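Since every read-out is calculated from the coordinates, none of them should be taken as a lab result. These figures come from a predicted structure and were not determined experimentally. Please note: Cβ atoms are built from the backbone with ideal geometry, for glycine as well, and neighbour counts cover all protein chains shown.
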Amino acid sequence: MLILLDASALINQPAFTFEESERYACTYEVLEEFRSMETRALVENALKRKLLRVYRPKHKYLNRAKKLVRSKGFTKMSKADISTLALAMQFKEQNKEFLVITDDYSIQNFLAMLAIPFASVMQGKIKNIISFVRFCPVCKKEYAAGSSVKECPDCGVELRTKRIIEKSTKNL
């Protein structure tokens, strides 16, 4: 099976080993997040042994991932997070059998939303799929999370953000 790694897969699991029987993948952006000497040595060894392959997601999947993230109101996802999500979307559309390993709850949120299989290392899995909306605290009018509106056009009050639980992941 192909295992798509997020940086947290190696960073949060000090005893991580690349198994000869598996194939591993990550993006260049994830590769850049490996900063400790131990993790870099582990990754470089896996690259030399051809156990790990580094991908660049196609541009259309990066755009789709960015658009999805924005539409759900997530504002703090890194380039590595977006690239991992984009590559997962690409693999799914290519009908590849794969599993994403990540402790990042934001990535897990979108993987669950897209019905892409994932596992965690240390943190556990998310319990709910969430998104965010912007709202006026005075008149309660809601605005799309990706909207550029900063203040309510009716009240002139600065908009706030609230979390919305879309559904539970218990049945996923």
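Out of Ala88, Tyr55, Leu68, whose Cα points farthest toward the positive end of the dipole of the chain (charges: +1 Lys, Arg; -1 Asp, Glu; placed on Cβ)?
Leu68
Between Ser71 and Lys125, what's the calculated FRET efficiency when r is the beta-carbon distance and R0 is 22 Å? Round to 0.05.
With a Förster radius of 22 Å, E is 0.45.
Count the net charge of all other residues whose Cβ sits under 12 Å from the Cβ of Val54, scoring Lys and Arg as +1 and Asp and Glu as -1.
Counting the neighbours of Val54, the net charge comes to 0.
Quick one: angle between helix 37-48 and the longest Cα principal axis of the chain, in degrees between 0 and 90, rounded to 10, please.
60 degrees
Considering only DSSP beta bridges whose two residues both sit in the chain, what percent are antiparallel, to the nearest 5?
Beta bridges within the chain, antiparallel portion: roughly 45 percent.
Spin-label point model (7 Å from Cα, Cβ direction): what's the Ser36 to Glu22 distance in nm?
Here the modelled spin labels are 1.8 nm apart.
Note down the relative contact order for the range 2-119 as a percent, whole number, built from C-alpha pairs under 8 angstrom at least six residues apart.
Here the relative contact order equals 33 percent.
Would you mind checking the tilt of helix 79-93 against the longest principal axis of the Cα atoms of the chain, expressed as 0 to 90 degrees and rounded to 10?
The angle comes out near 80 degrees.
Any idea what angle helix 59-71 forms with the longest principal axis of the chain, computed on alpha-carbon atoms, 0 to 90 degrees, nearest 10?
Helix 59-71 and the main axis of the chain meet at about 40 degrees.
In whole angstrom, note down how far apart the Cα centers of the range 74-146 and the range 12-26 are.
22 Å
Calculate the FRET efficiency for Ala15 and Lys162 from the Cβ-Cβ distance with a Förster distance of 35 Å, rounded to the nearest 0.05.
It comes to 0.35.
In debye to the nearest 20, how big a dipole does the chain give about its Cα centre with +1 on each Lys and Arg Cβ and -1 on each Asp and Glu Cβ?
With only Lys, Arg, Asp and Glu charged at Cβ, the dipole is about 580 debye.
Name the long-range amide H neighbours of Tyr55: under 5 Å, sequence gap of 5 or more, or other chain; modelled H, no Pro or chain starts.
Residues meeting the amide H criterion: Cys26, Thr27, Tyr28.
If amide H atoms are built 1.01 Å from N in the plane of the peptide, which residues on other chains or at least 5 residues away come under 5 Å of the amide H of Phe118?
Hits under the 5 Å cutoff: Val100.
To make sure I understand the rule: partners must be lysines, Cα under 18 Å from the Cα of Lys162, and not fewer than 8 residues away in the same chain. Which ones qualify?
Lys72, Lys76, Lys127, Lys140, Lys141, Lys150
May I ask which residue of Leu42, Leu2, Ala115 lies farthest towards the positive end of the charge dipole of the range 2-119, with charges of +1 (Lys, Arg) and -1 (Asp, Glu) on Cβ and the Cα centre as origin?
Positive-most Cα among the choices belongs to Ala115.
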